[in-house]
Amino acid sequence: KDIRALLATAACQKIVFDEGHPGGYYHYGVFEPSTRYGTMDLAVASDVGHAVPTVSEEDTDDSRLILTDRVYEYNYLRGVLDGVFTRAGGTRIKTDNAVLNLSLLSLMLDFDLYREHASLLNLPILHKLRHIEDTVQLQVDISNAIHDFEHSHRRDDSVTRIKIEQLIFEASYKFLVAKGFPMRSAFNELIQQLSADVSYQRLVLLCKINMSLCAINKSVEVDYYKVRCNGEFRTVVPRAFSKSASDYLESVTKRYTFAELDGLVWYDDHPVFDLTPAQPDINLYSVRFDSPRAVQSMVKYIEIKNAMKILPVAV
C-alpha cells in the first residue's frame, strides 16, 4: 500500500541483466568501513557523502558486507512470473482490486508476458479491447484513462502526469528508502502528496503502464479517431490517420445516430465501417458528378466530399 513500495514494483527496481549469473540474484549492500564508527546509511538519490551501494558476488565469511537487500536478475525473475501466471491455468484473477491488477499488467508489459497472459487480469480497460493483444489501442485507452483521472482531480494541480513520469524515471535507477533521502527534494514532496491519497496509486500505475507502452509501440503519441456509437464515444486506431477525417468523423457521429453491432459501424441500416481488424481502414471518399453532355452552364460539376461507402454485407 505504501507509495514507495509501489514505485519499486512499477519502476522494476533492483533488476540486473546477467543471464549467466547462477542463483538468480546478487546481494546488495554497503561495505563496512575499517574504522567501524558512525552510522551505515544506504546512499539514495543524492550526494550526501555516504558509502556507495556495492554489489558483492562473493559468499564467504570474510566478506565485510552489511546485507541490506537482493537484486534479482531479469531472466530469473521473468521465469518466476511466467511460472506464477502459467499455474493460473488461464483462469481470470478473481479480485477486482485495480492496484493489484494494474501492477500485474505493468509487470507483464515489462517482462514481455502480456500477449500470453493478459487474459488473466480483471481490468475493464482490457475487457473492452476487441483485440486484447493490440498494444496500440491499449496505449490510447490508458492515455485517456490518465486524462480522465486528471480531469476528475483538478483540485490538486501540483500532481501531474509529467511529474509522476519524472519520478518513475528517477526511481527506475535509484533505490528509494527512508534513510538518507533528502527530505526537501521535489521528489520527496511529490511522494508525500501521492501517499496522502490512495487514489493516486492508480494514477502512478497508469503512468508507468503508459511509459512501457510508449517503449513497446515506439511511439509517444498514437493518432486515433473518436467515433460516437451507441450513444457514447469510442476510440479507433486506423491503419492510416487523417486530421481532416478525424475532425469530420467526430462531428458527424455526434450530430447523427451511428450504431456498432458485431464489429460494424452502421448508419441508417447501412454498414459503413468494419472495426474487426486491429487497425481498420477508415476511409472517406469524394464523389463527383459531371454533366452527361456538353452544356453551357456555370455549374461544371457537383462534388460531394467525406462520403461513406456502404460495405458489401448482407443486412
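Pull up the range 165-191, narrow it to residues that are under 21 Å from the mean Cα position of the chain (by Cα) and of a type in the set (Ser, Thr, Tyr), then point me to the one that is modelled with the highest pLDDT. Checked the range 165-191; the qualifying residue modelled with the highest pLDDT is Ser172. The single condition among (1) closer than 22 Å to Thr9 by Cα; (2) open to solvent by less than 60 Å² (accessible area, probe 1.4 Å); (3) at pLDDT 70 or above; (4) over 17 Å from the mean Cα position of the chain (by Cα) that Ser158 does not satisfy is (1). Assigned to a helix (DSSP H, G or I), out of contact with any strand residue (DSSP E or B) (no Cβ under 8 Å at 6 or more places or on another chain) and basic (Lys, Arg) - does that describe any residue in the range 150-166? For the range 150-166, residues assigned to a helix (DSSP H, G or I), out of contact with any strand residue (DSSP E or B) (no Cβ under 8 Å at 6 or more places or on another chain) and basic (Lys, Arg): present.
Of the residues Val265, Val236, only one is modelled with pLDDT of 90 or more and within 14 Å of Asn283 (Cα to Cα); which? One residue alone meets the criteria, Val265. Taken as a whole, the condition of being open to solvent by 100 Å² or more (accessible area, probe 1.4 Å), under 19 Å from His131 (Cα atoms) and out of contact with any helix residue (DSSP H, G or I) (no Cβ under 8 Å at 6 or more places or on another chain) does not apply to Arg293.
Are any of the residues in the range 218-234 closer than 30 Å to Ala307 by Cα, of a type in the set (Gly, Ala, Ser) and without any contact (Cβ under 8 Å) to a residue 40 or more places away in the chain?
Our first condition is that a residue be closer than 30 Å to Ala307 by Cα; within the range 218-234, this holds for 221-234.
Next cut, of a type in the set (Gly, Ala, Ser) only: 231.
If we keep only those that are without any contact (Cβ under 8 Å) to a residue 40 or more places away in the chain too, we end up with 231.
Scanning the range 218-234, I find at least one residue that is closer than 30 Å to Ala307 by Cα, of a type in the set (Gly, Ala, Ser) and without any contact (Cβ under 8 Å) to a residue 40 or more places away in the chain, so the answer is yes.
Specify the residue that is surrounded by the most Cβ atoms within 10 Å (Cβ to Cβ); the eligible residues are those in the range 209-251 that are among the polar types (S, T, N, Q) and more than 30 Å from Asp110 (Cβ to Cβ). Among those that are among the polar types (S, T, N, Q) and more than 30 Å from Asp110 (Cβ to Cβ), it is Ser246. Checking each residue of the range 197-213 against the condition of being free of Cβ contacts under 8 Å to residues at least 60 places away in the same chain, over 22 Å from His153 (Cβ atoms) and out of contact with any Lys or Arg (no Cβ under 9 Å at 6 or more places or on another chain) gives no match.
Yes or no, residue by residue, for (1) of a type outside the set (A, V, I, L, M, F, W, C); (2) within 24 Å of Val80 (Cα to Cα); (3) modelled with pLDDT of 90 or more:
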| residue | (1), (2), (3) |
| --- | --- |
| Leu129 | no, no, no |
| Ile132 | no, yes, no |
| Thr135 | yes, yes, yes |
| Asp141 | yes, no, yes |
| Gln193 | yes, no, no |
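Give the range 112-145 a look and list any residue that's over 22 Å from Thr95 (Cα atoms) and either in contact with a strand residue (DSSP E or B) (Cβ under 8 Å, 6 or more places away or on another chain) or aliphatic (A, V, I, L, M) (or both), or say none. Of everything in the range 112-145, those that are over 22 Å from Thr95 (Cα atoms) and either in contact with a strand residue (DSSP E or B) (Cβ under 8 Å, 6 or more places away or on another chain) or aliphatic (A, V, I, L, M) (or both) turn out to be Val136, Gln137, Val140, Asn144.
The values are calculated or read from the model by the stated rules, or taken from the named source; none is laboratory data. None of these values were measured; they are calculated from a predicted model. No Cβ is skipped: glycine too gets one built from the backbone with ideal geometry, and neighbour counts run over all protein chains shown. With ligands, DNA and RNA removed, areas are computed over all heavy atoms of the protein, side chains included. Shrake-Rupley method; radii C 1.70, N 1.55, O 1.52, S 1.80 Å.
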